[in-house]
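*Asks:* Here's a structure for you.
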Amino acid sequence: MKVVMAVGGNALLEKYDKGTAPEQIRRAEETAYKTIEIFRDNDVILTHGNGPQVGAIMLQNEYAASLTPPMPLDVCDAMSQGSIAYFLQTAFGKVLKEKKIEKNIAGVVTRVLVDKDDPAFKNPTKPVGKYYTREEASILERTYGYKLKEDSGRGYRRVVPSPMPKKIIELKIIKDILEKGDIPIAVGGGGIPVIETTDGLTGVEAVIDKDLASSLLAAEIDADIFIILTAVKAAFLNYGKPNQEKLGEISVEKLKKFMEEGHFGSGSMLPKVEAAIQFTEKTGRKSIITDASHLYDALKGNEGTIITL
Ligand code: ADP
Ligand code: MG
């Protein structure tokens with residue numbers, strides 16, 4: 001089976017983590033132990049988010065600006081691809097070896113084409129970085145002109161533009177690695193957004209949603225299944241309320257209805273649901289939304305949210 005498996009940026013760095021390197025490698029290792037069997041007999045592309053990490057890199061750049069030039073957001077995206085791929089290579093590499101799965105794993109710095117007129121550039125929605133209290137958020141808005149929004153009841157986070165992914169520039173190289181039997185890590189953090197200019201491809205300041213970019217990749221490589229691993233075991237109706245209800249196997253049509261009713265957090269669960277719908281609609285194949293602990297059960301059809309045509 002050809003598989004695209006997306007892991008959340010929050011799966012490498014949880015809400016109360018400090019975000020140290022050993023911590024992120026340890027989290028990646030936890031994810032590796034829970035999911036490693038999928039790599040044994042399948043061709044898997046691993047993709048990942050970068051919300052918490054790219055936010056941290058932006059802060060590091062801004063606070064050190066008097067000492068060294070701060071990098072624009074597209075370069076911060078590239079930095080996050082590099083460091084997260086390194087964490088994943090370290091963790092999955094170790095567990096693959098331990099489980100005697102003879103495959104190599106390596107990150108591909110991936111650029112993704114976006115439309116320069118994408119309305120997202122005027123309306124930032126993608127949460128990145130740390131969580132702040134309401135008071136901290138208003139101070140940051142006043143002092144630095146950041147835009148912050150509430151993120152799924154977890155606190156306030158900075159938001160950046162998140163344009164739609166149109167085309168994966170490094171697609172052929174990703175496919176080549178997969179066809180050789182190895183494991184590419186690709187479209188990290190949704191990919192580095194680039195636009196076409198008379199000068200060639202040029203980076204732009206944004207963070208593409210990794211779920212939507214992974215969905216595009218899954219359709220482009222003709223994957224048999226698209227898996228989104230996140231912090232929750234499934235998508236829920238009335239999430240976080242006393243009457244919340246887990247969604248199991250569900251058709252695209254029904255899921256669209258719930259989406260329109262506003263059940264899924266924008267910038268968090270909503271892009272996953274959209275990404276799953278896009279893949280399943282384009283290919284007629286299954287998408288799964290679950291967490292690493294429930295992956296094997298979800299593959300058997302017993303857990304997670306399973307989206308079908
Ligand atoms: P990732 O890093 O995996 O992309 P996100 O934080 O972006 O994770 O999205 C997953 C989060 O979406 C969950 O942890 C949960 O807090 C939030 N969420 C919002 N709406 C829902 C919903 N309807 N069902 C489940 N989770 C939801
Ligand atoms: Mg996310």
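The values are calculated or read from the model by the stated rules, or taken from the named source; none is laboratory data. Please read all numbers here as calculations on a predicted model, not as lab measurements. Heads up, the Cβs are rebuilt from the backbone with ideal geometry, glycines too, and the neighbour counts pull from every protein chain shown. Remember, those area values only see protein heavy atoms, side chains included, never the ligands or the DNA or RNA. Shrake-Rupley method; radii C 1.70, N 1.55, O 1.52, S 1.80 Å.
*Asks:* What do you get when you divide the Cα radius of gyration of region 223-309 by 2.2 N^0.38 Å, with N the number of residues?
*Replies:* Computed over Cα atoms of region 223-309, the ratio equals 0.98.
*Asks:* Do the alpha carbons of any pairs in Lys18/Lys233; Lys18/Lys130; Lys167/Lys282 sit beyond 19 Å of each other, and which pairs?
*Replies:* Lys18/Lys233
*Asks:* Keeping every protein chain present and rolling a 1.4 Å probe, give me the accessible area per residue for the chain in Å².
*Replies:* 47 Å²
*Asks:* Rounded to the nearest percent, how much of the accessible area of the chain (1.4 Å probe, protein heavy atoms only) is carbon and sulfur?
*Replies:* C and S fraction of accessible area: 51 percent.
*Asks:* Mind grabbing the accessible area of Thr308 for me, 1.4 Å probe, Å², rounded to tens?
*Replies:* Taking all protein chains as shown, Thr308 has close to 40 Å².
*Asks:* On to the next question. If you keep only loop residues by DSSP, which GluC sites (Glu not before Pro) in region 87-153 have at most 14 other Cβ atoms within 10 Å of their Cβ?
*Replies:* Filter output for region 87-153: Glu102.
*Asks:* Identify all aspartates and glutamates with a Cα-Cα distance to Lys116 below 12 Å; exclude those on the same chain that are fewer than 8 residues away in sequence.
*Replies:* Glu196, Glu205
*Asks:* Two decimals is fine: what's Rg over Rh for the chain, C-alpha atoms, Kirkwood radius as Rh?
*Replies:* A ratio of 0.95.
*Asks:* Next question. Can you give me the Cα centroid spacing of region 165-213 and region 233-309 in angstrom?
*Replies:* First find each Cα centre; the distance between them is then 25 Å.
*Asks:* Now for a different question. So which lysines can Lys100 reach, going by Cα to Cα under 27 Å and dropping same-chain residues fewer than 8 places off?
*Replies:* Straight-line reach from Lys100, under 27 Å: Lys2, Lys34, Lys175, Lys180, Lys300.
*Asks:* How about region 2-71: which GluC sites (Glu not before Pro) there lie in a loop by DSSP and see at most 16 other Cβ atoms within 10 Å?
*Replies:* Within region 2-71, the qualifying GluC sites (Glu not before Pro) (loop, at most 16 other Cβ atoms within 10 Å) are Glu14.
*Asks:* I've got another one for you. Just how far, in whole angstrom, is region 98-140 from region 16-75 if you go by their alpha carbon centroids?
*Replies:* That distance is 10 Å.
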